[in-house]
Amino acid sequence: MYHVFARGHDRDVIFGEDRDREHFLELLEELSQRFRIRVYAFALIPNHYHLLVGTPEGNISQGMQWLNGSYGIWYNRKHDRT
């Protein structure tokens, strides 16, 4: 079991709109399927998130890199950020 969290650069908002949260949850579902990471609980706060996850394959690093990278690229493109 892992408690994972991440926040926006300079504590900036990362979930400013409903669509941002919806897309993150879509990616969270894909994370679960792609990496076989079990998501037990989550909290999406405007400038960060918390996850309680478990992984039988010991691949938490690869899964989180994929999740944060995928969301970051999507968010930056959507909001015209770099």
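The values are calculated or read from the model by the stated rules, or taken from the named source; none is laboratory data. A quick note: this is a predicted structure, and the numbers were derived from the prediction, not measured. Quick reminder, even Gly has a Cβ in these numbers, built from the backbone with ideal geometry, and neighbours come from all protein chains shown. Protein only, heavy atoms only, side chains kept; ligands, DNA and RNA dropped before computing areas. Shrake-Rupley method; radii C 1.70, N 1.55, O 1.52, S 1.80 Å.
Here are a few things to note about the model shown:
- G58 being within 19 Å of H3 (Cα to Cα) and at pLDDT below 95: yes
- Every pair of residues 6+ apart whose Cβ atoms lie under 6 Å, when the first sits in segment 1-17 and is hydrophobic (A, V, I, L, M, F, W, C) while the second is assigned to a loop (DSSP other than H, G, I, E, B) and open to solvent by less than 30 Å² (accessible area, probe 1.4 Å): I14/G8
- Among the residues of segment 9-62, just one is in contact with a Gly (Cβ under 7 Å, 6 or more places away or on another chain), under 23 Å from R81 (Cβ atoms) and of a type in the set (V, I, T), namely I14.
- Inside segment 40-82, residues that are over 24 Å from D10 (Cβ atoms), outside any helix (DSSP H, G or I) and open to solvent by less than 50 Å² (accessible area, probe 1.4 Å) make up a count of 5.
- In this structure, R19 does not satisfy being of a type in the set (K, R) and either outside any helix (DSSP H, G or I) or surrounded by 13 or more Cβ atoms within 10 Å (Cβ to Cβ) (or both).
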